[in-house]
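Below you'll find the structure, written out as structure tokens, and then a few comments.
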Amino acid sequence: MINELTNKILANVENVILGKHDEIKLVLIALLCEGHILVEDVPGVGKTMLTKAIAKSLGCSFARIQFTPDLLPSDILGVNIFNQKTMEFEFRHGPINHQIVLSDEINRASPKTQSALLEAMEERQITVEGATYQLARPFIVLATQNPLEYEGTFPLPECQLDRFFLKIRLGYPSFEAENRILVSQREHHPIQDISQVVSSQELSDAQMKVKEIYLAPALREYIVKIVHATRESKGLYLGASPRGSLALYKASQALAAIEGRDYVQPDDVKRMTIPTLAHRILGLGDNRDVDLMEKSLNDILSELPIPVLEEIRR
């Protein structure tokens, strides 16, 4: 059931985002786990279109927040406005009150404004002037940032990065894919041609079923060993948090479900280690180099013994 559902979404989104099968699959894994996504890449590779295509495929409400240095928390959360007819204050929701929220160039806003997302991302609610408002479900934040443009940006703090379920990079398209892009957009953008293929309720049901995917105790210990190794590594200043362990656990379940299995195998854990953990660790001297983080995780995976097949099935 989960395999069929994700294949529908995948095929629909691939009509818009060409040549990025694996990257779209990672986004679907985050959706199945109700996780938020950070897309770090150069401009023009399809980050915004990817978010819009996902929203249209699910029939979810969509909002885009363009992060700028002068953006205020109230521009995201909403504000109380005095109604002269009723002589009372009324709360006007901000763009965060949508199911899929694109936080474009998130690192261009000040830390104060960035922090407005913390409660929403973790607890699916916002608090304004003492009043708490629940957010719609499913609720997914897909944030983008450009790794090259550091001038005029504010690096995301660790507490913000840790709330992103995974981080992906789209990268430039291949020669063949870019050629197809030119053909597909000759008359109009293909985003106009796609429609809803899965309902929000179907997605919610799939999110519940993913939790039933079997993950053996031996693999659970394998996940904990990977995360503990990041904390004990001499080449890392900051290791992954327990939230990282949970993300790797859930992502492994979702990957198994997408591939049509009812149990997780070691390759699922290994494949999801970098997308779920690389942005949660830091090198010595506050080094955030992506390639270095990925190399550190690959070194850890190569050193740890892999659970044998007989230990991972029911």
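The values are calculated or read from the model by the stated rules, or taken from the named source; none is laboratory data. Source: prediction; values computed, not measured. Using ideal geometry, Cβ is built from the backbone for each residue, glycine included, and neighbour counts are taken over all protein chains shown.
Residues in the range 228-255 that are surrounded by 18 or more Cβ atoms within 10 Å (Cβ to Cβ) and at pLDDT 95 or above: Ser245, Ala247, Leu248, Tyr249, Lys250, Ala251, Ser252, Gln253, Ala254, Leu255.
Here Ala55 meets each of (1) in a helix (DSSP H, G or I); (2) at pLDDT 90 or above with one exception, condition (2). Does Val39 meet the test of being in a strand (DSSP E or B), in contact with a strand residue (DSSP E or B) (Cβ under 8 Å, 6 or more places away or on another chain) and buried (at least 21 other Cβ atoms within 10 Å of the Cβ)? Yes: the conditions hold for Val39. Filtering Leu5, Leu50, Leu10, Leu31 for residues that are under 19 Å from Arg124 (Cβ atoms), part of a helix (DSSP H, G or I) and out of contact with any Phe, Trp or Tyr (no Cβ under 9 Å at 6 or more places or on another chain) leaves a single hit, Leu31. Residues that are in contact with a Leu (Cβ under 7 Å, 6 or more places away or on another chain) and of a type in the set (A, V, I, L, M) were ranked within the range 174-226; the one that is surrounded by the fewest Cβ atoms within 10 Å (Cβ to Cβ) is Ala177. Consider the range 266-305 and keep the residues that are assigned to a helix (DSSP H, G or I) and among the polar types (S, T, N, Q). The one that is nearest to the chain's Cα centre (by Cα) is Thr276.
Scan the range 68-116 for residues that are of a type in the set (D, E, K, R), farther than 29 Å from Leu58 by Cβ and either out of contact with any Pro (no Cβ under 7 Å at 6 or more places or on another chain) or without any contact (Cβ under 8 Å) to a residue 12 or more places away in the chain (or both) and the total you get is 4.
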